[in-house]
1. For segment 94-119, which positions are assigned to a helix (DSSP H, G or I), touching a helix residue (DSSP H, G or I) at 6+ places or on another chain (Cβ under 6 Å) and touching a residue at least 24 places away in the same chain (Cβ under 8 Å)?
2. Of the residues W37, W127, which single one is closer than 23 Å to E314 by Cα, of a type in the set (A, V, I, L, M, F, W, C) and assigned to a helix (DSSP H, G or I)?
3. Counting only residues that are without any contact (Cβ under 8 Å) to a residue 12 or more places away in the chain, give me the strands (runs of 3 or more DSSP E) lying completely in segment 226-319 with at least 2 of them.
4. Since M132 meets every condition but one in (1) part of a loop (DSSP other than H, G, I, E, B); (2) modelled with pLDDT of 95 or more, which condition does it not meet?
5. Which count do you get for residues in segment 66-92 that are surrounded by fewer than 20 Cβ atoms within 10 Å (Cβ to Cβ) and not in a loop (DSSP other than H, G, I, E, B)?
6. For G108, are the conditions met, namely being in the same structural domain as F73 (by TED's automatic domain parsing) and over 22 Å from the mean Cα position of the chain (by Cα)?
7. Take the residues of segment 232-274 that are under 19 Å from the mean Cα position of the chain (by Cα) and of a type in the set (V, I, T): which is surrounded by the most Cβ atoms within 10 Å (Cβ to Cβ)?
Amino acid sequence: MHLTEQLVAHWVHELRRKTIVKVLVVGSGGREHALAWKLLQSPRVQQVTCVPGNGGTASMKRCQNLALGVNDFEGIARFALVNGVSLVVVGPEVPLAAGITDFLMDQGVMVFGPTRAGAQIEASKAWAKELMLEARIPTARSAVFRDEQAAQAYVRSQGVPIVIKADGLAAGKGVTVATTLADASEAIAAVMGGQFGEAGNQIVIEDCLTGQEVSVLALTDGITIRPLLPAQDHKRIGDGDTGPNTGGMGAYAPAPIVTPELMERIQTEILEPAIAALRKRDIDYRGVLYAGLMITPAGDPQVIEFNCRFGDPETQAVLPLLDTPLEDLLLACAQQRLGDMPPIAWKPGAATCVVVAADGYPGSYQKGHPITGIDAAEAQGAVVFHAGTQLKQQALVTDGGRVLGVTAVGETFDSAIANAYAAVHSIHFDGMYYRQDIGYRVKTVQSDSS
């Protein structure tokens, strides 16, 4: 590049860096609160609007909630155009799968999030499996069924353990790891019998992978793909990873099991081939490609599933460690110039997020309980991300299954975990439940190595 070109590139970068940005975040969970919180740390971001948001986003300076549904594409587009929104960031998978990005782009609104075609990578596990086979991405052997009797016969022929998955979107709850034939048969009957609606019209049955699960959230502009820090989630409701799957009961980052050498393999064997395979299908994928991985006992990465958005609660553990301004990365993806960005910068240390849920979750639970102690928790240095909360007459009450995500940063995992739990102990609402062992894998590794 000639000197003049270098100066022009520098001026363009500086202009983009200084331009005031208004962002609209679609969603109401802890992930969306974390995105809004991180965006508002930048003086360049003038305002964040959350649709519909929650009690936490309603309480932040320079942030407002907009009482629209996540599937009100016309209302979101109208607000964005009238109010000069620079970028729409879509949090949940449901509006992405329904085509919110396609609609907003047709209206001239810039979006961070894949199109409907790209969102199939999460919206259909069978479609994602085909893509992985085509790209030779390592994943479990699987079969797809629309007929319950055929699915039952397949499981009997394969034996257990085996994994039963609803093909479509099931809010993170459509997967059963069956350890007995009776469990497998019951899961197939439940899924194909309508437990998850149309998501269960087709099922994917997979070999059961063993090892440690890792979440790698990668940002992409459809050409370049860059991973964020690896995280580990705790999916099951009970201590020791017992009980049914949930949307996630806690997370920590960076996951020590993912060494620089392993991350390089994930980049070259999984992330880059996935983006190349999407391009081969003429899909311009701009947003997050979330790789849910199993690291086998031999140290090899295999894909459990792909998601088309930021993970929850992984985002709440990863973003507090991000040093590069988030809006720079999101805009670079939306404008397809991620390859021109410098390497992503990170703060030292570790982060832990403990999810505080309502009693009964992931089943039925009550709403409307007053929440106290959040100020005391944050006075200890934690950040409390709201998920299922609502402000009613200036009082904060529970409004969902996963109510809060309490995140703390420390120089070590031990300190991050201790800080998070100390903050959790300051919070109270009736029926409050949380796992006591978030980060136990890291503590086990540290104990073994000491």
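1. Hits for segment 94-119 are L96, A97, I100, F103, L104, A119.
2. Values: W127 fails: closer than 23 Å to E314 by Cα.
Being closer than 23 Å to E314 by Cα, of a type in the set (A, V, I, L, M, F, W, C) and assigned to a helix (DSSP H, G or I) holds for just one of W37, W127, which is W37.
3. Numbers: elements: 236-238, 242-245, 250-253, 287-295, 301-307.
Those strands (runs of 3 or more DSSP E) span 242-245.
4. So M132 meets the others, but not (1).
5. Adding up the residues that qualify gives 6.
6. So G108 passes the test.
7. Only one residue tops the list, namely I270.
Rundown of residues vs (1) of a type in the set (V, I, T); (2) touching a strand residue (DSSP E or B) at 6+ places or on another chain (Cβ under 9 Å); (3) buried (at least 22 other Cβ atoms within 10 Å of the Cβ), yes/no style:
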position	(1), (2), (3)
A128	no, yes, yes
E148	no, yes, no
S157	no, no, no
G168	no, no, no
S185	no, yes, no
A190	no, yes, no
L219	no, yes, yes
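The values are calculated or read from the model by the stated rules, or taken from the named source; none is laboratory data. Everything quoted here is computed from the prediction, not taken from an experiment. Here the Cβ is made from the backbone with ideal geometry for all residues, glycine too, and neighbour counts use every protein chain on show.
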